[in-house]
Amino acid sequence: MLETTPSPQSEASPQPQAAEILARLGIEPVNSGAHGVDWIAQPGGELLDSINPATGASLAAVRLAMEEDYDEVTYQTAKLFEKWRMFPAPKRGLIVREIGDELRKAKEDLGALVSLEAGKILAEGRGEVQEMIDIADFAVGLSRQLYGLTMHSERPAHRMYEQWHPLGMVGVITAFNFPVAVWAWNAMIAAVCGNTVLWKPSLKTPLTAIAVQHLVNRVLDRHGWRGVFSLIIGTDSQVSQRLLEDRRIPLVSATGSCQMGQHVAQWVGARFGRTILELGGNNGVIIMPDADLELALRAVLFGAVGTAGQRCTTIRRLFLHRSIAETFTKRLIEAYRQVRIGDPLNPSTLMGPLIDERAVTRMMQALALIESGGGEILYGGKRLDRPGYFVEPAIVRAHPQMKILREEIFAPILYVLEFDTLDEAIEWHNNVPQGLSSAIFTRDLIAAETFLSHRGSDCGIANVNLGTSGAEIGGAFGGEKDTGGGREAGSDSWKAYMRRQTVTINWSSELPLAQGIRFEL
Ligand code: NAD
């Protein structure tokens, strides 16, 4: 049984306990961190506490998987691939459709569990589940559209085309800040493509992963496909590393810090495995003098403070044209003052806690470095005197030479810089190792198009008159440079989950060679 410990009630509203939410979801609690075709009753690892970041108290304890559990789970998941790939893609799509329906029913409660365990506000917790539903819908349609091209052959009576085959067992490593949506982005697409999926979630959010596995099992059980989606919760040294080295896993999709991505790329690359890397961002917004400043203000507030600055797409650098810098900064500080910080499950809260003590320490260290490096804290940046990991969001006046601007500090610190020309702003904007998301606010066509051109933003995502976060699933999501180059979700991202085969059929009784080569006795 899931071992739950009551967390202290926050002053804003009583926090529903994880056990209550799980009960409402109809989930028979299991505290195992390993699931292949069924839960492994007693995995070999230690008990890991899932911590509520709003209180610092334990929500539940999960038994971690060890190497032998990994071997059992992956043996089953790899074996099931042989059957799953033979099940027609549109039928795989129907299974995914039912998963989407199960998530629709669970949206309120699973969203609340995400809030409880990851600390994001309720609207964002539910939004995350909505994202899972959206990608399931997308994948259902995709299951009938795994198209290849046909080509005209240069040889007579020859036909050429390409077709797409599934890869095998796909490994999915996820970060704490999108504890369920990122799994769905990968798993729903990978599954309609004919792959089985092994999930290694963040150790900071094991409960939501277990809950998702339960919900998905309901659908799989109805159709005899239990095990197509499997779960392994273990440490990076005991479990993740094994996954990276496992030659039965042709593709590892990994979401997390750039440092983690570098490690994953090296190990998976060394065995010629493929990766989809979705790594850290350091997102900038340029505000031109002609911008709709009301609109920009609202977008910057959500983009910089939302999810307590813990989104890969969080706005971290704000480039303000000198003519509007002072007024805009003043108004931004006013808006920051009104942000209601507190219990993420209280519907009126706008900003919840950071994920853990380490994140708070890292933010405080960064602010100290910023001050010693010539930056000026214009607003916030203090830890709140209450249980849990709450901080005030900070606005900092920065100058482009500050080294810390190149790093992703996973906390709500917004750097404000003033520029004179768009070229200067673009140069500073691009002068960081990461390249995930970017935006410009302007009503000037030339400025917007310059920003979107090849000499503009160097990021995977570029927006005009909206912020950097909150992408829709229909587009391909991902970033350039140290963000890893991976693309997930919509557009043709599905191709990364399949292997392309080029086929040529000779329907004549001659054997002409390409390039006109003659080779005859
Ligand atoms: P993290 O790098 O600490 O961990 C992410 C995942 O990688 C976890 O499951 C962790 O267990 C695993 N991991 C860590 N080191 C590993 C190793 N050496 N080998 C194998 N696995 C390893 O990141 P986090 O703190 O959970 O998440 C925040 C980071 O994720 C930020 O940098 C954020 O920008 C990034 N992120 C990126 C995207 C994106 O789509 N680009 C989305 C969400 C989060």
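The table below lists the values:
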{"item": "Pairs, first assigned by TED's automatic domain parsing to the domain that holds Gln310 and within 14 Å of the ligand (Cβ to nearest atom) in the range 346-373, second assigned to a helix (DSSP H, G or I) and not aromatic (Phe, Trp, Tyr), C-beta under 6 Å, six or more apart", "result": "Leu354/Ala308; Leu354/Val360"}
{"item": "Where Pro250 falls short, out of the listed (1) farther than 30 Å from Glu427 by Cβ; (2) surrounded by 24 or more Cβ atoms within 10 Å (Cβ to Cβ); (3) more than 8 Å from the ligand (Cβ to nearest atom)", "result": "(2)"}
{"item": "Residue in the range 217-232 that is within 10 Å of the ligand (Cβ to nearest atom) and within 20 Å of the chain's Cα centre (by Cα) present", "result": "no"}
{"item": "Subset of the range 269-283 [more than 10 Å from the ligand (Cβ to nearest atom) and either buried (at least 21 other Cβ atoms within 10 Å of the Cβ) or not aliphatic (A, V, I, L, M) (or both)]", "result": "Gly269, Arg271, Phe272, Gly273, Arg274, Thr275"}
{"item": "Asp292 assigned by TED's automatic domain parsing to the domain that holds Glu427, within 30 Å of Pro387 (Cα to Cα), at pLDDT 95 or above and among the acidic types (Asp, Glu)", "result": "no"}
{"item": "Residue list for the range 82-103, filter: more than 28 Å from Glu128 (Cα to Cα) and either touching a strand residue (DSSP E or B) at 6+ places or on another chain (Cβ under 7 Å) or not in a helix (DSSP H, G or I) (or both)", "result": "Arg85, Met86, Phe87, Pro88"}
{"item": "Tabulated pairs, the range 184-201, first within 14 Å of Met86 (Cβ to Cβ), second hydroxyl-bearing (Ser, Thr, Tyr) and assigned to a strand (DSSP E or B), C-beta under 9 angstrom, 6+ apart or interchain", "result": "Thr196/Ser230"}
{"item": "Top-ranked residue in the range 168-199 [being outside any helix (DSSP H, G or I) and over 20 Å from Val73 (Cβ atoms); ranked as farthest from the ligand (Cβ to nearest atom)]", "result": "Cys193"}
{"item": "Qualifying position, being in a helix (DSSP H, G or I), hydroxyl-bearing (Ser, Thr, Tyr) and in contact (Cβ under 8 Å) with a residue 60 or more places away in the chain, among Ser230, Ser240, Ser253", "result": "Ser240"}
{"item": "Checking Ala265 against (1) away from the ligand (no atom under 11 Å from the Cβ); (2) surrounded by fewer than 22 Cβ atoms within 10 Å (Cβ to Cβ); (3) not β-branched (Val, Ile, Thr), the condition it does not meet", "result": "(1)"}
{"item": "In the range 28-42, the residues that are of a type in the set (A, V, I, L, M) and surrounded by fewer than 24 Cβ atoms within 10 Å (Cβ to Cβ)", "result": "Val30, Val37, Ile40, Ala41"}
{"item": "Hits in the range 301-324 - residues which are assigned to a helix (DSSP H, G or I) and either in contact (Cβ under 8 Å) with a residue 40 or more places away in the chain or crowded, with 23+ Cβ neighbours inside 10 Å (or both)", "result": "Phe302, Gly303, Ala304, Val305, Gly306, Thr307, Ala308, Gly309, Arg322"}
{"item": "In the range 47-65, the residues that are buried (at least 20 other Cβ atoms within 10 Å of the Cβ) and not in a strand (DSSP E or B)", "result": "Asn52, Pro53, Ala54, Thr55, Leu64, Ala65"}
{"item": "Near pairs, Cβ below 7 angstrom, 6+ apart or cross-chain, from the range 508-521 (not assigned by TED's automatic domain parsing to the domain that holds His152) to any residue that is of a type in the set (Lys, Arg)", "result": "Pro512/Arg155; Ala514/Arg155"}
{"item": "So Gly479, is it within 16 Å of the ligand (Cβ to nearest atom), at pLDDT 95 or above and within 23 Å of Gln266 (Cα to Cα)", "result": "yes"}
{"item": "Conditions (1) surrounded by fewer than 17 Cβ atoms within 10 Å (Cβ to Cβ); (2) within 16 Å of the ligand (Cβ to nearest atom): number failed by Val432", "result": "(1)"}
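The values are calculated or read from the model by the stated rules, or taken from the named source; none is laboratory data. Note that the structure is predicted; figures quoted are calculated from it, not measured. Here the Cβ is made from the backbone with ideal geometry for all residues, glycine too, and neighbour counts use every protein chain on show.
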